[in-house]
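Accompanying notes for the structure given below.
The values are calculated or read from the model by the stated rules, or taken from the named source; none is laboratory data. Model, not experiment: these values are computed from the prediction. Cβ atoms come from the backbone with ideal geometry, glycine included; neighbour counts cover every protein chain shown.
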Amino acid sequence: MPVRFGVDVLLEKIRQSGARHEAWRRVGLVTNDAARLATDSAQRTREALVRAGLPLHRLFGPEHGLVATEADGAAVHDRVDHLTGLPVISLYGERMRPEPRHLADLDVVLFDIPDVGARCYTYAWTLFHVLHACAEARVSLVVLDRPNPLGGCPHAAEGPLLTEACRSFIGDDDIPLRHSLTPGELARLWQREHVADAMLDVVACEGWERKRAWPAVGATWVPTSPAMPHFECAIWYTGTCLFEATNLSVGRGTDLPFAQIGAPWLDASSLVAMCRDEALDAGAELTMCTFTPSEGPHMGQVCHGVRLQCAPPRARHETGSSDDAAWIAQHTSPVRLGLALLDGIARLQPEHFAWSRYPTAANPSGDDHFARLIGRDDLRERIGALSPDDRRELTQVPGWRERTATARLY
């Protein structure tokens, strides 16, 4: 059965009955250009809803803007959508959630933004704040669900869980760094745990399997943000994003950001040798590479790097995983691998390795970025002294399957 996203399911219901169209006289939509139909990757959600006759009145855009191409962490301003002529209220900059005046005249708010399954990706927190704002305004929220591109196996979720001291706009609730939930499931979890009076509905996907990652969806990958041009980048993002708090490049401005890390001074050969076995255990193969980032640390300089790829088929034979989609969903551990690489560099080259600030509109000073990413404020001083057992323990999430049981839809 072909996978259909929540928006495809909603459009079919509108075509069949028109019931939702009649009930919703003034509709808000939180979306961006990455939100496309499963049945037609060239068609944006907002265009399709307008064509179906849904009375859209106002749009809301997350980080990276409605066009999904604004720079990482840059404040985005309100504007008018050139496709629909509708006003666009930015939810990343002057404000991080809709104001009461933005919701007062709406019957319902729809949410449709593709996510990458990582706690530190801000789209989830836009949903978190929209859920709270809609509950306060007594406006219904309908999440048009989408697959988690990393799959949704509860056992594949990786911590640490976020602690109270590390709450920010890249993590505002105690969920794991790789959470294995869809946007709709996150909203259901937050409704149950934080916003019981929210009027929430989720239009579920059809045909999606939790045990298989994005390649099994059969839809074209549309970049969810400027540094996520390919699905391969999303596979490793939950681990390599940790390097954004350091003086290494994550490959921004190359063809494979987050699937490679490096620096002009990196001893890539020694790092690969040190981390090879743990990488294979985490479902990956490491190879040496060189790249020249066009933004971020070491911009314009040749970096010696390490490339992350799914383990080759020979390494997968014993697991019985016959394809990339099953392997990624069930056998990769990107957070544990990211910690192994980070720890390895700190051990091998302490004279070069350094922590860095990462200023954004949500954190102008850029301070404490590693703690905000990893979710704990006691780990930075331990980097360079973590054992493989430490890393395995840090990334385990006991009780996550049970905690999310009633939120899961698939």
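Things to note:
- Trp265 being buried (at least 23 other Cβ atoms within 10 Å of the Cβ), farther than 24 Å from His129 by Cα, touching a residue at least 12 places away in the same chain (Cβ under 8 Å) and among the aromatic types (Phe, Trp, Tyr): no
- All strands (runs of 3 or more DSSP E) inside the range 43-142 with 2 or more residues being in contact with a helix residue (DSSP H, G or I) (Cβ under 7 Å, 6 or more places away or on another chain): 56-61, 108-112
- Figure legend. Inter-residue proximity from the range 344-357: first residues more than 13 Å from Pro297 (Cα to Cα), second residues not hydrophobic (A, V, I, L, M, F, W, C), beta-carbon distance below 7 Å, spacing 6+ or different chains. Indicated pairs: Ala346/Gly384; Arg347/Gly384; Leu348/Asp267; Leu348/Ser270; Gln349/Asp267; Pro350/Gly384.
- First in the range 11-30 and in the same structural domain as Ala104 (by TED's automatic domain parsing), second anywhere and modelled with pLDDT of 90 or more and of a type in the set (Ser, Thr, Tyr), Cβ under 7 Å, 6 or more apart: Val30/Thr126
- Looking at Met274, Met228, Met199, just one residue is touching a strand residue (DSSP E or B) at 6+ places or on another chain (Cβ under 7 Å) and modelled with pLDDT of 95 or more, and that residue is Met199.
This table checks each residue for (1) outside the structural domain of Leu280 (by TED's automatic domain parsing); (2) among the hydroxyl-bearing types (Ser, Thr, Tyr).
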{"position": "Gly305", "(1), (2)": "no, no"}
{"position": "Cys310", "(1), (2)": "no, no"}
{"position": "Ala340", "(1), (2)": "no, no"}
{"position": "Asp343", "(1), (2)": "no, no"}
{"position": "Asp377", "(1), (2)": "no, no"}
{"position": "Arg380", "(1), (2)": "no, no"}
{"position": "Ser387", "(1), (2)": "no, yes"}
{"position": "Thr395", "(1), (2)": "no, yes"}
{"position": "Ala405", "(1), (2)": "yes, no"}
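- Qualifying residue in the range 331-345 (condition: of a type outside the set (Asp, Glu), part of a loop (DSSP other than H, G, I, E, B), at pLDDT below 95 and touching a helix residue (DSSP H, G or I) at 6+ places or on another chain (Cβ under 7 Å)): no
- Output for the range 353-391, where each listed residue is within 22 Å of the chain's Cα centre (by Cα) and not in a loop (DSSP other than H, G, I, E, B): His369, Phe370, Ala371, Arg372, Leu373, Ile374, Arg391
- Scanning the range 154-178 for residues that are assigned to a loop (DSSP other than H, G, I, E, B) and in contact with a Lys or Arg (Cβ under 6 Å, 6 or more places away or on another chain) returns Ala157, Pro160, Thr163, Ile170, Ile175, Leu177.
- Complete set of residues in the range 392-401 that are under 11 Å from Ser333 (Cβ atoms) and either small (Gly, Ala, Ser) or not in a loop (DSSP other than H, G, I, E, B) (or both): Arg392, Thr395
- Of all residues in the range 53-75 being hydrophobic (A, V, I, L, M, F, W, C), in contact (Cβ under 8 Å) with a residue 40 or more places away in the chain and surrounded by 18 or more Cβ atoms within 10 Å (Cβ to Cβ), the one that is nearest to Ala198 (Cα to Cα): Phe60
- Residue match in the range 153-169 (condition: out of contact with any strand residue (DSSP E or B) (no Cβ under 8 Å at 6 or more places or on another chain), closer than 26 Å to Ser365 by Cβ and charged (D, E, K, R)): yes
- Qualifying positions in the range 16-38 - modelled with pLDDT under 80 and closer than 11 Å to Pro55 by Cβ: Arg20, His21, Glu22, Ala23
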